[in-house]
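> The following block contains the structure, expressed as structure tokens.
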Amino acid sequence: MSRLEAKKPSLCKSEPLTSERVRATLSVLKGIVASCYGPSGRLKQLHNGLGGSVCTTSQSSALLANLSVTHPILKILTTSVQNHVSCFSDCGLFTAILCCNLIENVQRLDLTPTTLIKLNKHLLSLCTSYLKSEVCGCRIPVDFSSTQILLCLVRSVLTSKPACMLTRKEVDHISTLILRAFLLTIPENAGDHISLGNSIIVPLKGQRVVDSTVLPGILIEVSEIRLMKILPIKKSDSLKVALFRVSLSGDLSDTGEGSVVVSYGVSLENAVLDQLLNLGRQLVSDHVDLVLCQKVIHPSLKQFLGVHRVLAIDRVGAALMEPLSKVTGTQPIGSLGSISPSSYGSVKDLCTAKFGFKWFFHLIPNKATVCSLLLCNRNGTAWDELKLTCQTALHVLQLTIKEPCVLLGGGCTETHLAAYIRHKTFNDPESILKDSGCTSTELQLITEAFCTALESLTGSLEHDGGEILTDMKYGHFWSVQADSPSIVNWPDLLTRCGCGLHNSREELNWSFLRTSRHPFAPLPCLPHEAVGSANNLTLDCFTAKLSGLQVAVETANLILDLSYVIEDKN
């Protein structure tokens, strides 16, 4: 009989943030995510010491998915960021770094958690109200009659992921393809409620990035040997399609639970094959031209259909079922019984295509919002990172349709927002104090901690020891290379601000970001006409960054409010 161990009591720790171990752990996590931030962020390699795959990335989605954390506080933080990324795809590192900065900064203040949380909420409300307002100086409306802003947005996503290993020419090429793929998913006759289509990313590793392309419809990979055995379909009109999600292999594993009763002397295999051939006869009599199956088609059924000039393609996979249903207009068939005529669909044409060393069937739709992005990169590691980045960029474009505006990137939104909050709380503290029940001193302390957290976030964009400045007119972010002379004429050393909107030849005064300065009201950005004509702007997704800001503050408040951590050690 096995020995029974006595149940261990739960381990209870009070005031977890006062623990030096917890502070050190949070500092390590902040160092990891902060070192990945921005176009010059450092890559991380994550692997299991016992073997397995190696992940090289600087993206929060891949980083946090492969990073094992055990402390409850770290789990709260990483789970919050992962939930944000699962909904918005972008600004995961922004969220994680800002949350760590907020916790780190307010820990130095001798204030109660209740006061900290209450004022953090007020400052967050001040930020969101300003970012959503028409007078916001870092918010740019998107004009969908021009692709310039959208291209800048996509390009900003690509350049922020150095593990993609793209040259400037390759970034421009992929940016154009992503935008084209996105536009192909928008229906031509869109009403009040737009239902976007799908962009399917098709892998082609080991090829040049500039060989990537976008095609309307769906690409289905097929071996060259199979391709040579398939009879070509020649029709002037559209092709009739049947789409099966049930296996056509004759295997009884898909019959469900329960028992199968077989009469004596009856061959179960032959009975199933007869049923499959009867299904084939119905498809032929219904003049079906193309049969697509998620799983496997029995060789005898495939041969029968081939003899009657019906093309059968199997093993298309679960991921393609929904796009295939959209492209063909079919209802996926889930049984081997009689097929309803309404289940059939059609495609405009079917042809074969070769890209690199792979052959594909290309299903060309009559009218659909599905396209295939054939994505190439030099090796598997860079391709995996590029695929994640393209998915992020496509999602960001979808979010921009819902909220047709973008935020200035490159750290300029954060420094501008910090300047606005400082000025607002310095000149109009009563608007916050009357509802919070806090003193003016407490407000100024927490405001400084909050703004410093935003500014420290922009400091994470500089990984080579350079200095960070902000101008005293627009409140934008400016970076200076390391080892620059201490006394210098700044316009000779600076070029453009982080977002690329302003140049150093304007009448500006600069200040080091980490030095104290008198609060000032940052001016709005250039007129919309000038913004629209500006090239190579660095932009951020409005919806993703706004959500990241909210998640960072709310998660920091949750962690600051923890009084006990109770762990069950059994």
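The values are calculated or read from the model by the stated rules, or taken from the named source; none is laboratory data. Quantities reported herein were computed from a predicted structural model and do not represent experimental measurements. Neighbour counts are summed over all protein chains in view; Cβ atoms, including those assigned to glycine, are modelled from backbone coordinates with ideal geometry. Accessible surface areas use protein heavy atoms only, side chains included; no ligands, DNA or RNA. Shrake-Rupley method; radii C 1.70, N 1.55, O 1.52, S 1.80 Å.
> Take the conditions within 22 Å of the chain's Cα centre (by Cα) and open to solvent by less than 20 Å² (accessible area, probe 1.4 Å) and apply them to Leu373. Does it pass?
Here the answer is yes, as Leu373 does meet what is asked.
> Something else now. Could you grab me the full set of residues in region 120-166 that are touching a helix residue (DSSP H, G or I) at 6+ places or on another chain (Cβ under 9 Å), assigned to a loop (DSSP other than H, G, I, E, B) and over 18 Å from Arg180 (Cα atoms)?
Hits for region 120-166 are Cys136, Gly137, Cys138, Ser160, Lys161, Met165, Leu166.
> Sticking with this structure for a sec: Going by the conditions given, is Ile468 touching a Lys or Arg at 6+ places or on another chain (Cβ under 6 Å), of a type outside the set (Asp, Glu) and surrounded by fewer than 24 Cβ atoms within 10 Å (Cβ to Cβ)?
So Ile468 does not fit the description; no.
> Moving to a separate point now. Which one of Arg108, Arg208, Arg180 is within 19 Å of the chain's Cα centre (by Cα) and surrounded by fewer than 20 Cβ atoms within 10 Å (Cβ to Cβ)?
Arg180
> Given (1) in contact with a Leu (Cβ under 6 Å, 6 or more places away or on another chain); (2) at pLDDT 95 or above; (3) of a type outside the set (Asp, Glu), where does Gly411 come up short, assuming only one miss?
Going through the list (1) in contact with a Leu (Cβ under 6 Å, 6 or more places away or on another chain); (2) at pLDDT 95 or above; (3) of a type outside the set (Asp, Glu), Gly411 breaks only (2).
> Restricting to region 29-60, count the residues that are β-branched (Val, Ile, Thr) and loosely packed, with under 12 Cβ neighbours inside 10 Å.
1
> Here are the criteria: (1) of a type in the set (Asp, Glu); (2) open to solvent by less than 60 Å² (accessible area, probe 1.4 Å); (3) more than 30 Å from Leu124 (Cα to Cα). Tell me which single one Asp384 does not satisfy.
(2)
> If you don't mind, another one. Among the residues of region 398-414, are any within 16 Å of Pro519 (Cα to Cα) and not aliphatic (A, V, I, L, M)?
yes
> Follow-up question, since we're still on this one. Condition first: buried (at least 17 other Cβ atoms within 10 Å of the Cβ) and either over 15 Å from Leu116 (Cα atoms) or among the charged types (D, E, K, R) (or both). Now tell me which residues in region 430-451 satisfy that.
Correct list: Glu442, Glu448.
> Out of region 136-145, which residues are at pLDDT below 90 and open to solvent by 50 Å² or more (accessible area, probe 1.4 Å)?
Of everything in region 136-145, those that are at pLDDT below 90 and open to solvent by 50 Å² or more (accessible area, probe 1.4 Å) turn out to be Asp143, Phe144, Ser145.
Yes or no, residue by residue, for (1) among the polar types (S, T, N, Q); (2) within 30 Å of Ser58 (Cβ to Cβ):
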| position | (1), (2) |
| --- | --- |
| Ala96 | no, yes |
| Asn105 | yes, yes |
| Pro113 | no, no |
| Cys127 | no, yes |
| Val135 | no, no |
| Asp143 | no, no |
| Leu150 | no, yes |
| Leu158 | no, yes |
| Met165 | no, yes |
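> OK, next. Just the residues that are over 21 Å from Leu196 (Cβ atoms) and either assigned to a helix (DSSP H, G or I) or in contact with a Lys or Arg (Cβ under 6 Å, 6 or more places away or on another chain) (or both), please, taken from region 307-328.
Within region 307-328, Val307, Ala312 meet the criteria.
Yes/no per residue for (1) acidic (Asp, Glu); (2) within 24 Å of Ser89 (Cα to Cα); (3) under 28 Å from the mean Cα position of the chain (by Cα):
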{"site": "Asp349", "(1), (2), (3)": "yes, no, no"}
{"site": "Thr352", "(1), (2), (3)": "no, no, no"}
{"site": "Leu399", "(1), (2), (3)": "no, yes, yes"}
{"site": "Cys405", "(1), (2), (3)": "no, yes, yes"}
{"site": "Leu408", "(1), (2), (3)": "no, yes, yes"}
{"site": "Ser436", "(1), (2), (3)": "no, no, no"}
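> Please give the number of the condition Pro72 fails out of (1) modelled with pLDDT of 95 or more; (2) surrounded by fewer than 19 Cβ atoms within 10 Å (Cβ to Cβ).
Among (1) modelled with pLDDT of 95 or more; (2) surrounded by fewer than 19 Cβ atoms within 10 Å (Cβ to Cβ), the lone unmet condition for Pro72 is (1).
> Yes or no: region 85-98 includes at least one residue that is polar (S, T, N, Q) and at pLDDT below 90.
No, the conditions are met nowhere in region 85-98.
> In the set Val288, Val272, which member is in a loop (DSSP other than H, G, I, E, B), of a type in the set (A, V, I, L, M) and in the same structural domain as Phe244 (by TED's automatic domain parsing)?
Answer to the check: Val288.
> State yes or no: is Ala382 touching an Asp or Glu at 6+ places or on another chain (Cβ under 6 Å), assigned to a helix (DSSP H, G or I) and farther than 30 Å from Val288 by Cα?
no
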